[in-house]
Amino acid sequence: MRVLVVEDEMKVANALREGLEGEKFEVIVERTGEGAFFRVNTESFDVILLDLTLPGRDGLEILQALRQRGVKAPVLVLTARDSLQDRVTGLDAGADDYLIKPFHMPELISRVRALLRRPNAALGVVLDLDELILDTVSRQAKVGEIPLVLSLRETALLELLLRRQGNVVTREAIEHGLYGFDTTLGSNAVEVLVQRLRRKLGEAGARVAVHTLRGVGYLLGAVE
């Protein structure tokens with residue numbers, strides 16, 4: 001399987017190459033948007049890992065141009081831009097999945113394998129844990145066949161927790177990802193949001209819940 005890594009930070013690019021090659025992927029690295037665009041139009045890749053902040057052409061411009069030319073290789077966006085609007089913009093531009101920096105290599109490998117299992121024509125990104133399912137494009141969530149009626153921020157919180165399932169998400173990470181640095185929050189804004197999502201999951205009979213690790217953060221896991 002051939003993977004194109006589009007990343008201008010050499011340290012990150014080398015780590016990605018090492019991790020992917022350790023899993024027997026063939027890895028090609030490009031450090032500019034122009035180089036990536038030329039590669040994809042002259043060679044075949046099974047998966048593209050695309051940073052958004054690139055010298056020359058922006059990653060989103062590259063992504064949109066590739067989709068307009070009919071390139072169907074799944075694209076996993078790697079970026080530090082983790083606001084809700086950034087994720088929506090990336091998915092609307094044609095991304096298949098979105099991974100926030102810094103990330104853990106096992107999670108990235110798992111995401112790549114998941115993309116490779118999808119049919120080429122599949123649309124959207126579905127995140128799941130047990131019977132809890134979230135379609136990140138339609139923004140619809142459900143537990144089994146029971147739809148969850150969530151607010152925009154409750155949906156964003158659920159997505160953040162699902163994307164980092166198995167890992168603790170700090171209060172600061174939630175504030176940054178859902179509200180941004182320029183928003184003044186009440187001291188318990190995150191706690192209230194977590195409580196609302198926890199209640200709705202419980203009412204729908206979910207076998208997973210949002211657990212609080214006092215002084216550390218929050219973790220989506222099985223009901224205890």
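The values are calculated or read from the model by the stated rules, or taken from the named source; none is laboratory data. Since the model is a prediction, treat every value here as computed from it, not as a measurement. Backbone-built Cβ (ideal geometry, glycine too); neighbour counts: all protein chains shown.
Restricting attention to strands (runs of 3 or more DSSP E) lying wholly within region 110-224, give those where 1 or more residues are at pLDDT below 85.
126-129, 132-135
So in region 58-78, with the set limited to residues that are in a loop (DSSP other than H, G, I, E, B) and charged (D, E, K, R), which one is surrounded by the fewest Cβ atoms within 10 Å (Cβ to Cβ)? Before you say what the answer is, go through the steps one by one.
Going through region 58-78, the residues in a loop (DSSP other than H, G, I, E, B) turn out to be 58, 69-74.
Next, only the ones that are charged (D, E, K, R) stay: 58, 69, 72.
Working: 58: 13, 69: 10, 72: 12.
Filtering region 58-78 for residues that are in a loop (DSSP other than H, G, I, E, B) and charged (D, E, K, R), the one surrounded by the fewest Cβ atoms within 10 Å (Cβ to Cβ) comes out as 69.
I'd like the residue in region 133-164 that is of a type in the set (Gly, Ala, Ser) and within 22 Å of residue 76 (Cα to Cα) and, out of all such residues, is nearest to the chain's Cα centre (by Cα).
Result: 156.
Being without any contact (Cβ under 8 Å) to a residue 24 or more places away in the chain and either of a type in the set (Phe, Trp, Tyr) or closer than 22 Å to residue 56 by Cα (or both), is that true of even one residue in region 3-11?
Checking region 3-11: at least one residue is without any contact (Cβ under 8 Å) to a residue 24 or more places away in the chain and either of a type in the set (Phe, Trp, Tyr) or closer than 22 Å to residue 56 by Cα (or both).
Going through region 29-57 one residue at a time, which ones are among the hydroxyl-bearing types (Ser, Thr, Tyr) and either in a strand (DSSP E or B) or touching a residue at least 12 places away in the same chain (Cβ under 8 Å) (or both)?
32, 44, 53 - these are the residues of region 29-57 that are among the hydroxyl-bearing types (Ser, Thr, Tyr) and either in a strand (DSSP E or B) or touching a residue at least 12 places away in the same chain (Cβ under 8 Å) (or both).
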